[in-house]
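Let me begin by presenting the structure, written as structure tokens, before commenting on it.
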Amino acid sequence: MNHAAAHSFVARCLVEAGFLSGVHRSPGIEQEDASDISFDIEGIRRFAGFLVKVRHNPLRASFPCTFSALARAGIEIEVFARYFDRFAALRATGPLSDGKRTKAFVHFLLDTLPEVNSSYAYLVRDVVLHEAQLWQLREIIQAASHAGESVCNADLLRSATDRTSLQHVPRIRGVILTARFSCDPRVLVMQLSRSIGVAAFDVERHLMTLGYWLVRGSDKLQYIELDVGAELLLSIVNGRRNVADIGRTCRTQGIPLADGAVFEALNDLVDRRILIWSAP
Amino acid sequence: MHLPPHGANPLVGLAFGPYVDRFVRDHSGVADYVEVPFEQLDHSPETFARLRDIPLILHCSSLSVAGTIDPTPATMAAIQHWAEETNTPWVGEHLAFILGESAGCASYNVGYTVSPQMSVAVVDLVVERLNRFSGLFRAPLILENSPVYFSMPGSTMSQIEFIGEICHQTDVSLLLDLTHFYITACNLGFDARKALDRYPLDRVVEIHLSGVSLQSDVYWDNHAALAPEEVFELLAWVLDRTRPRAVTLEYNWLPNIPAERLITQIARVHEAFADSGRTA
């Protein structure tokens, strides 16, 4: 086969994701006439994945352990090869901001990892989710405007039997993002951070929900382990819903909590200083 | 840039990356030079100001030397400009193609170097281009061996035969990327050390070292990992037989590497010189 045609075919595969997908789905279609010449389409597909990986090197600053974890799980090239189609379509929409590129990549990983054949895929997912939470918090801080808040006298809110307390609105002190993990991602990330190259996975399964909490006015991130109830309440608290609203939302979601119980649970979070009460 | 005399111990430098200018500033005299990509300077000229205080070697991935499409006059002029500005002793370019012909006016631009078809026709093409480019830049062009990740239809030569024939027909000097060579040997199933016996080592003026990753049953270049023991063993073997002028550590995909690690790696290369059997 002449070199111009060979180079042209390979270059087209590496530039046009749709063309590569088509050739990959229909092997032999690229064969010239009836000759035996055929391209290593799987090899080209993997190389396309390698190129997509290299194009995501700038994300290593925010997702260093994600890259390390993908490599450790042995799925790095395969995952990026699968991303080629979607990434090409994204690039076709125009210049990519760092935020857009990052979000697209994270969503792709969280969608794809459960389908990848690797016994470590669930750990990689935890690492991705952990680093995504941290990245998202940094984005929120950069974009945040600090709204004023009125804090009411806590003495008014000691009793769940006081009907007026049900009108009070809990607010989160700062920003909290929550996510569920199959192990403690902080342990995973610490292991991955200690190596340059491929580090070992050595972590026990331990289902947990972690809150990534940035207190308003502080740049110190706090991790809080949450139970299912606290996670649910924090997902409903939005600075506008009062206790009664929150109770109604819980019951709508199939959690049969009376308003009094909702109030007590929220008060626990206030005692932990995660929430504050504000007047209706 | 002042090169050591022939036969003396080579200089040891770093490929440009996010942390390199800070490392060079904070550890003056540890690295002898920085190898900077032409594409980096062309896209972000302010990079040059950050590297004013250290000698530079210019590295390039834009000439598509083994491809059928010539670089544009603008690209040639820009390379010449930066060759002048950096006072580079040579311009390292990949023995590869980047552009492929398309049926329309535009070409397929892979944006990354691809190992070419290794055939008489491509040897002729490279030789013609080297002869044509000779003297166009203030510094000579040297050629870097590409890693081979998949077979290219129409290839009739091994990579060593291919490079050897180009050397036979020109006086081109070489950049021996030992990691690329090791990867090619692993992927194609030959003994790297035995093959290096037939390599035109007398033409080698620069050596590259970087990490390796095994993913999806293929060995890949990995500038986010340190060079493995096998590559350092090849370095020792080569230094027993020839004296390049420079050895570059390509650890430039990471946002940061601990300074102590870099210092240790640079020292290790110096030790390899000291331990080698070849006298100055």
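In table form, for the structure just shown:
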| read-out | value |
| --- | --- |
| Some residue of the range B:227-242 being surrounded by fewer than 19 Cβ atoms within 10 Å (Cβ to Cβ), over 18 Å from the mean Cα position of the chain (by Cα) and more than 28 Å from B:Pro4 (Cα to Cα) | no |
| Boolean, B:Ser62 is surrounded by 12 or more Cβ atoms within 10 Å (Cβ to Cβ), outside any helix (DSSP H, G or I) and polar (S, T, N, Q) | yes |
| Selection count where residues are in contact with a Leu (Cβ under 8 Å, 6 or more places away or on another chain) and either within 7 Å of chain B (Cβ to nearest Cβ) or on the phi > 0 side of the Ramachandran plot (or both), scope the range A:42-60 | 4 |
| Members of the range B:239-250 found to be in contact with a helix residue (DSSP H, G or I) (Cβ under 7 Å, 6 or more places away or on another chain) and within 14 Å of chain A (Cβ to nearest Cβ), listed by number | B:Leu249 |
| Residues of the range A:77-92 satisfying the condition of being at the interface with chain B (Cβ under 9 Å from one of its Cβ atoms) and either at pLDDT below 95 or surrounded by fewer than 22 Cβ atoms within 10 Å (Cβ to Cβ) (or both) | A:Glu78 |
| Hits in the range B:131-153 - residues which are within 14 Å of another protein chain (Cβ to nearest Cβ) and touching a Ser or Thr at 6+ places or on another chain (Cβ under 6 Å) | B:Ser146, B:Pro147, B:Val148 |
| Qualifying residue in the range B:253-260 (condition: more than 14 Å from chain A (Cβ to nearest Cβ) and either surrounded by 18 or more Cβ atoms within 10 Å (Cβ to Cβ) or outside any strand (DSSP E or B) (or both)) | no |
| All positions within the range B:100-130 that are more than 11 Å from every other protein chain (Cβ to nearest Cβ), farther than 25 Å from B:Ile207 by Cβ and at pLDDT 95 or above | B:Glu128 |
| Residue within the range B:156-164 that is in contact with a strand residue (DSSP E or B) (Cβ under 8 Å, 6 or more places away or on another chain) and not small (Gly, Ala, Ser) present | yes |
| Identity of the residue in the range A:115-138, more than 13 Å from A:Pro185 (Cβ to Cβ) and not hydroxyl-bearing (Ser, Thr, Tyr), that ends up farthest from the chain's Cα centre (by Cα) | A:Asn117 |
| Matching entry among A:Ser26, A:Ser21, A:Ser8 (being more than 7 Å from chain B (Cβ to nearest Cβ) and surrounded by 15 or more Cβ atoms within 10 Å (Cβ to Cβ)) | A:Ser21 |
| Helices (runs of 4 or more DSSP H) within the range A:162-265 that include 3 or more residues small (Gly, Ala, Ser) and crowded, with 19+ Cβ neighbours inside 10 Å | none |
| Conditions (1) within 14 Å of chain B (Cβ to nearest Cβ); (2) surrounded by fewer than 22 Cβ atoms within 10 Å (Cβ to Cβ); (3) under 29 Å from A:Arg173 (Cβ atoms); number of the one not met by A:Phe63 | (2) |
| Failed criterion for B:Gln40 (all others in (1) at pLDDT below 95; (2) part of a helix (DSSP H, G or I) hold) | (1) |
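The values are calculated or read from the model by the stated rules, or taken from the named source; none is laboratory data. Just so you know, these numbers come straight off a predicted model, no measurement behind them. Glycine also receives a Cβ, built like all others from the backbone with ideal geometry; neighbour counts cover every protein chain displayed.
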